Amino acid sequence: MKTFKRDGTIYLDHHATTPMDPRVLKAMLPYFVHRFGNTASFTHSFGREAQETVDLARSQIARLIQAQAQDIVFTSGATESNNLALKGVAQAYRSKGDHFISSRIEHKSVLDPLKRLSQNGFRVTLVPVGRDGIVDPSDVKKAITPKTILISIMAANNETGAIQPIADIARIAKKRGVLFHSDGAQAVGKIPIDVRKMGIDLLSFTAHKIYGPKGVGALYVRKKEPRVNLVPMLDGGGHETGLRSGTLNVPGIVGFAKACEICRKTMKVENRKIAALRDQFKEKLFQAIPGGVIHGQWRKRLPNNLNLSFLDVDAGDLMRALPALAFSSGSACTSTSLEPSYVLKAMGVPKAQRRSSLRFGFGRFNTQRDVERAGTLLIRAVKNLRGVV
Ligand SMILES: *Cc1c(COP(=O)(O)O)cnc(C)c1O
């Protein structure tokens with residue numbers, strides 16, 4: 001299969017986005033051209049075909065997270081799903097309470113809507129994380145008040161890959177009659193997520209993090225035990241049982257479903273392969289250069305994540321020295337600025353070390369050769385910057 005190398009640049013930034021799998025593209029193509037129907041056109045075959053296609057896609061996507069098809073609401077991605085979950089609950093449960101609980105390490109698409117809500121009279125508690133980058137469920141428990149309406153804790157962190165104890169937190173939420181939302185953008189398709197067993201009421205996820213197209217995602221919304229009510233963000237036409245109006249992105253949804261099917265079937269084997277590449281890369285670096293520190297706990301992280309610092313080596317300098325490698329500094333991906341990571345800060349990583357932090361995300365199309373070469377280039381660049389040649 002193609003490896004998507006461009007000018008020989010090696011892509012090691014799969015937490016930011018992933019290349020689209022060629023099988024996904026192939027599944028999507030007919031829906032741009034002759035299968036172009038609108039699902040709302042139930043009076044003719046073009047529309048009915050589109051509806052049947054979306055029905056099948058919805059059940060395939062639901063299956064990846066053990067949900068019912070009718071509990072999936074299509075959106076434009078995880079940012080929209082997070083906004084719909086948080087603001088939708090805020091408006092629907094206002095009479096019940098005004099308090100949200102989340103964590104300091106959430107993605108901006110959770111933190112910024114919460115900030116907006118707090119400007120509009122809601123109260124928000126952000127629980128801390130330990131040095132391991134993991135939320136302690138007992139901190140969440142302590143933060144619950146009679147006015148708490150939603151707890152939102154991500155399933156896995158986009159910088160450190162730290163997997164959060166969401167099943168434990170969901171159990172606590174349920175006991176106290178509080179809804180539980182999780183931002184699953186990094187976790188769904190990478191690690192097993194079962195909304196029933198884990199007791200998740202709302203789950204955000206997105207196609208472009210799992211080798212699907214950009215601009216399509218979903219919000220899982222539990223329909224019973226308990227039924228979750230949301231006030232929609234978009235009105236007009238009543239699509240998605242009124243929760244998200246707008247003509248459905250049929251090609252995107254078909255691609256999303258194909259991406260989910262591939263992940264469901266290959267996750268286990270693929271994880272082993274990707275983790276082996278990552279481990280090989282890490283070993284090579286640590287054998288060649290001293291002063292490397294891993295951020296977070298090694299075991300409880302996504303199989304594709306490596307987040308580390310080489311002390312005294314500025315991440316920005318290192319990235320400029322390595323145009324042939326696509327990776328990220330540990331700094332938050334606030335697209336416009338390189339502010340040292342608030343996630344690492346929340347973990348107590350000192351400022352100087354945060355400035356050195358690097359995030360590598362390995363993926364489906366990376367090869368052993370990629371990783372060998374990337375390691376060699378990185379080692380040379382670190383030595384150069386340290387003046388040790
Ligand atoms: C990528 C990402 C998002 C945003 O998803 P989009 O589909 O790009 O809007 C949200 N949360 C996490 C944890 C992410 O990694």
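We did not get these values from a lab; they are worked out from the coordinates using the rules stated. Keep in mind that what you see is a predicted model, and the values were worked out from it rather than measured. Don't worry about glycine lacking a Cβ; one is built from the backbone with ideal geometry, like all the others, and counts go over all protein chains shown.
In a residue-by-residue description of the range 251-266, the property of being outside any loop (DSSP other than H, G, I, E, B), touching a residue at least 60 places away in the same chain (Cβ under 8 Å) and farther than 30 Å from residue 363 by Cα applies to no position.
State whether one or more residues within the range 121-129 are of a type in the set (D, E, K, R), within 20 Å of the chain's Cα centre (by Cα) and not in a helix (DSSP H, G or I). Don't jump to the end; show me each part of the working.
First pass over the range 121-129, keeping only residues of a type in the set (D, E, K, R): 123.
If we keep only those that are within 20 Å of the chain's Cα centre (by Cα) as well, we get none.
No: zero hits.
Every residue, every condition in (1) among the β-branched types (Val, Ile, Thr); (2) loosely packed, with under 15 Cβ neighbours inside 10 Å; (3) in contact with a Leu (Cβ under 7 Å, 6 or more places away or on another chain), yes or no:
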{"site": "236", "(1), (2), (3)": "no, yes, no"}
{"site": "244", "(1), (2), (3)": "no, no, yes"}
{"site": "256", "(1), (2), (3)": "no, no, no"}
{"site": "275", "(1), (2), (3)": "no, no, no"}
{"site": "282", "(1), (2), (3)": "no, no, yes"}
{"site": "285", "(1), (2), (3)": "no, no, yes"}
{"site": "294", "(1), (2), (3)": "yes, yes, yes"}
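As a summary of the residue check, residue 21 satisfies the conditions (1) more than 16 Å from the ligand (Cβ to nearest atom); (2) within 17 Å of residue 241 (Cβ to Cβ); (3) crowded, with 21+ Cβ neighbours inside 10 Å except for the one numbered (2).
Exactly one residue among 255, 238, 296 is within 16 Å of the ligand (Cβ to nearest atom) and more than 30 Å from residue 354 (Cβ to Cβ), and that residue is 255. If the condition is being near the ligand (Cβ under 10 Å from one of its atoms), of a type outside the set (S, T, N, Q) and part of a strand (DSSP E or B), then the range 189-217 contributes 205, 217. Would you please list the contacts, defined by Cβ atoms under 6 Å and residues six or more apart or on different chains, that run from a residue in the range 106-131 that is farther than 20 Å from residue 295 by Cβ to a residue that is more than 11 Å from the ligand (Cβ to nearest atom) and part of a loop (DSSP other than H, G, I, E, B)? Within 6 Å, the pairs are 122/98; 123/98. Across the range 51-85, the number of residues qualifying as farther than 18 Å from residue 238 by Cα and within 12 Å of the ligand (Cβ to nearest atom) comes to 5. The single condition among (1) free of Cβ contacts under 8 Å to residues at least 12 places away in the same chain; (2) part of a strand (DSSP E or B); (3) not hydrophobic (A, V, I, L, M, F, W, C) that residue 220 does not meet is (1).
Here is a check on your reading of the model: is residue 109 of a type in the set (Ser, Thr, Tyr), surrounded by 23 or more Cβ atoms within 10 Å (Cβ to Cβ) and within 16 Å of the ligand (Cβ to nearest atom)? The answer is no for residue 109. Does residue 138 satisfy the condition of being in a helix (DSSP H, G or I), touching a Phe, Trp or Tyr at 6+ places or on another chain (Cβ under 9 Å), surrounded by fewer than 24 Cβ atoms within 10 Å (Cβ to Cβ) and small (Gly, Ala, Ser)? No, not satisfied. With respect to the numbered conditions (1) among the hydrophobic types (A, V, I, L, M, F, W, C); (2) part of a strand (DSSP E or B); (3) within 16 Å of the ligand (Cβ to nearest atom), which one is the sole condition not fulfilled by residue 150? With (1) among the hydrophobic types (A, V, I, L, M, F, W, C); (2) part of a strand (DSSP E or B); (3) within 16 Å of the ligand (Cβ to nearest atom) applied to residue 150, the lone miss is (3).
Of 299, 320, all but one fail to be in a helix (DSSP H, G or I) and either aromatic (Phe, Trp, Tyr) or out of contact with any helix residue (DSSP H, G or I) (no Cβ under 8 Å at 6 or more places or on another chain) (or both); the exception is 320.
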